[in-house]
Amino acid sequence: MRFLSASLLATALLAPLPPALSQEGQGEVATQGSSSEGVLKLLPGDSVSQHTMTIGGRTLDYVATAGTLDLFAQDGSKAGAVFYTAYVARNEKSDRPLTFAFNGGPGAASAFLHLGLVGPRILDFGPDGADGADAKLTDNRQSWLDFTDVVLIDPIGTGWSRTAKADDASKYYNVNSDAESVAKAIALYVAHNNRSGSPKYLLGESYGGFRAAKVVGALKDSQGIIVSGAIMLSPLLEGQLMFNADQFALGAALEFPSLAAANMDRRNAFDEARQRDAEKFALGDYLTILAGPPPTGEAAKAFYGKVAGMTGIPADIVAKNRGFLGNAYAKQSTGQDDRIVSPYDAAFSTPDPYPESDSDRGDDAVLDGFTRAYGGAFADYARNELGFKTEMTYSLLDGDISRRWEWGGRGGGSRLQASVTDDIRQFLASNPKFRLLIAHGYSDLVTPYGVSRYVVDHLPPSLAGERVALKVYRGGHMFYTRTDQRAAFTADAKAFFTEHSGTMPAE
């Protein structure tokens, strides 16, 4: 989910999965074989259950499967197990889309997307949208089951996905091995549920958006599976543009519109026209002045005053930072010394645990606050509604995975070098029917929407055309926690799927 901060596994993942249940979910619950090793012994057999929900004014019957997909080493021993939850509608058209969804981190489980956006049940955080202590599961009337079957995957080290030997987990903590293992899990599900003929889509959030681009290639090259499209939600696309906002003018300029949007949102005064003005200013005067020598005299006063007015950060703080605001927004945006805003939603502020310090921030109020309730809620839901009962702890977000992540594949690399722009260009060029939808929240400073817009704007028109769209919604990194924005995004996603043979709606 957040950015705290791969030798290929194809030969190690070739052994077949034991026979699985059909997509209709008929038959008895599968039992776990005796080949389980280590902590994998705590995983029960797959649990299959049948459900009915009302969505879009119609009754939808569906089968839910909570289970694991086995990964094997080259010697045939079980290397690990990938936990997944599949929702498959019954009595629907044979060409119904199949979407594989995962979160990011690296180190985040899929419960965020599962109970926050696409699943049949959703976690309600109360009237103010931020009450994790009293959050309650409710029916999701906007579940994506309305228009696609969904398989949610937890990469190794997240959720209930584990390696047989604890020391082997780190082998998956790099860009390429992670993508290969997720691609193998997808291929196993497709093969054992007779879904080779279904149009296949990927949904990835945050690092999961980056992962989606890598998995598209891994599916094609290692598994012979061609993906029809992908939805990247609050994605990392270009590390050098995203992680350098405090040092380089272009990074700061691409982040600026999110600061302006958050300032308006905090005052309940968000205005699309004013946001467009902020975008023009960011890549105009703001970028030009930051890229040159600092202004002086009346020019400096006017410039820093305008930046202050658009972001809510006091003019003297703006001047002190020469207009670079990445280090100043957290404690200066609200105009109150005892408040701090979250980079995951800069419109969201909470009491500052360290008001006497300019740098100490403490836990993030969004990621380390109310959204942590997704973990406990999913564990309870899986046990009591899906019938998947295990004593293993559900790992919602493991910061150690992110700290150990090898961004350049096995051998290291920096997150500044992380990029999927070339990947996007390649699969748009090699698959003329591939379509991409990128979605962001306006006030997200973790993955500012300006970076994705820059990437999309610089794609060759012959590749992008009407096959790539960028949509921006009110809110932050997880803007779907806002009910109205979740509804808007779901409507756009439905159009993306239902118009798979036509063109995409423009923003």
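Things to note:
- Remark on Ala101: its backbone amide H falls under 5 Å from those of Val151, Leu152, Ile153, Leu203, a criterion applied only to residues 5 or more positions apart or on other chains, H modelled at 1.01 Å from N.
- Which of Leu115, Gly80, Phe434, positive extreme of dipole for the chain (C-beta unit charges): Phe434
- Pairs from the list Lys93/Lys494; Lys136/Lys471; Lys78/Lys171; Lys41/Lys171; Lys41/Lys389; Lys78/Lys214 with a Cα-Cα gap above 19 Å: Lys136/Lys471; Lys41/Lys171; Lys78/Lys214.
- Dipole of the chain, positive direction: furthest Cα of Leu241, Pro460, Gly284, with charges on the beta-carbon: Pro460
- Three-way shape call for the range 65-180 based on the alpha-carbon gyration tensor, with the a/c threshold at 1.5: oblate
- Those trypsin sites (Lys or Arg not before Pro) in the range 34-135 that DSSP places in a loop and that have at most 15 other beta carbons within 10 Å: Arg90, Lys93
- Applied to the range 490-497, the Karplus parametrisation 6.51 cos²θ - 1.76 cosθ + 1.60 on θ = phi - 60° returns per-residue 3J(HN,Hα) values of 4, 5, 5, 5, 4, 5, 4, 6 Hz, with x for Gly and Pro.
- When each of the peptides 162-172, 421-431 is scored by the mean number of other C-beta atoms lying within 10 Å of its residues, the order from highest to lowest reads 162-172, 421-431.
- Proximal aspartates and glutamates relative to Lys301, as straight alpha-carbon distance under 12 Å, when same-chain residues fewer than 8 apart are discounted: Asp316
- In this structure, the amide hydrogen of Leu233, modeled 1.01 Å from its nitrogen in the peptide plane, lies closer than 5 angstrom to those of Gly204, Glu205, Ser206, Gly209, Ala439, counting only residues at least 5 positions away or on a different chain.
- Of the GluC sites (Glu not before Pro) in the range 347-456, those whose Cβ has at most 11 other Cβ within 10 Å and which sit in DSSP loop: Glu356, Glu391
Where a number appears in this text, it was derived from the coordinates with a stated rule and is not lab data. This structure is a prediction, so every number in the text was calculated from the model and none was measured. Using ideal geometry, Cβ is built from the backbone for each residue, glycine included, and neighbour counts are taken over all protein chains shown.
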